[in-house]
1. Which of the trypsin sites (Lys or Arg not before Pro) across segment 20-108 are loop residues per DSSP, with 15 or fewer other Cβ within 10 Å?
2. Give a quick list of GluC sites (Glu not before Pro) in segment 86-156 that DSSP marks as loop, anything other than H, G, I, E or B, with at most 10 other Cβ atoms within 10 Å.
3. With an 8 Å Cα cut-off and a minimum separation of 6 or more residues, compute the relative contact order for segment 55-131 in percent.
4. Which far-off residues, 5 or more places away or on another chain, put their amide H under 5 Å from the one on Thr50, with H placed in the peptide plane?
5. In Å², what does the accessible area per residue of the chain work out to with a 1.4 Å probe?
6. Would you look at the GNM of the chain, springs on alpha carbons closer than 10 Å, and say which of Leu125, Leu85, Leu145 moves the most?
7. Which of Val40, Val89, Val105 moves the most in a Gaussian network model of the chain with Cα springs under 10 Å?
8. Where a Cα-Cα gap under 20 Å defines reach, which aspartates and glutamates qualify for Lys107, not counting those fewer than 8 residues away within the same chain?
Amino acid sequence: MTIAVEEKRVRDLFERVETVEDVANTLPEDDERRARLLAVSNAALADEATIRPVIAAKLLGLSEKTLRAWATQGVLTVARRSPRLLLDVQGVHAISHLIRELRAVGKDRDLLDEVWRRLSDETLLEREDLRESLDQMRRGEGRVLRSIPHDGTDTR
């Protein structure tokens, strides 16, 4: 299969998945229909399984060299290294969301650092203990261990 044909097939897949995700995101987070729609979009991506770096680079608007570097640094999930490098299509799709958001707010330089920070933040926010702590803080539960002086001086 030629690169152009493969690129079109994956681009069409991403567009279909985005359409399903857009509809799912209009539903409340606790709606079972939302979860089912997102499961369908994840299954469609899983059916494709892998993507060549040259195709991923075109879809993300990055150079292949950059994509390979991101894979080496762990930003993109490598599905297979031998006999040729193949990336996990679900990971590429997730990164496409981040890159689109960053570019929408004018971030075009140092994308690796920005993407890495976003992925780190998302990973932290997925932790149950952190979510519970944030919920407790929002409810006003807990106790102040060290008050902040009103005059701005540190009391350490």
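The values are calculated or read from the model by the stated rules, or taken from the named source; none is laboratory data. A quick note: this is a predicted structure, and the numbers were derived from the prediction, not measured. Backbone-built Cβ (ideal geometry, glycine too); neighbour counts: all protein chains shown. Please note that ligands, DNA and RNA were not included when accessible areas were found on the heavy atoms of the full protein model with its side chains. Shrake-Rupley method; radii C 1.70, N 1.55, O 1.52, S 1.80 Å.
1. Those satisfying the criteria are Arg81, Arg84, Lys107.
2. Of the GluC sites (Glu not before Pro), the ones in loops of segment 86-156 whose Cβ has at most 10 other Cβ atoms within 10 Å are Glu126, Glu141.
3. The value is 19 percent.
4. Placed amide hydrogens put Val89 under 5 Å from Thr50.
5. Computed with neighbouring chains in place, this is 70 Å² per residue.
6. Leu145
7. Val105
8. Within reach: Glu64, Asp121, Glu122.
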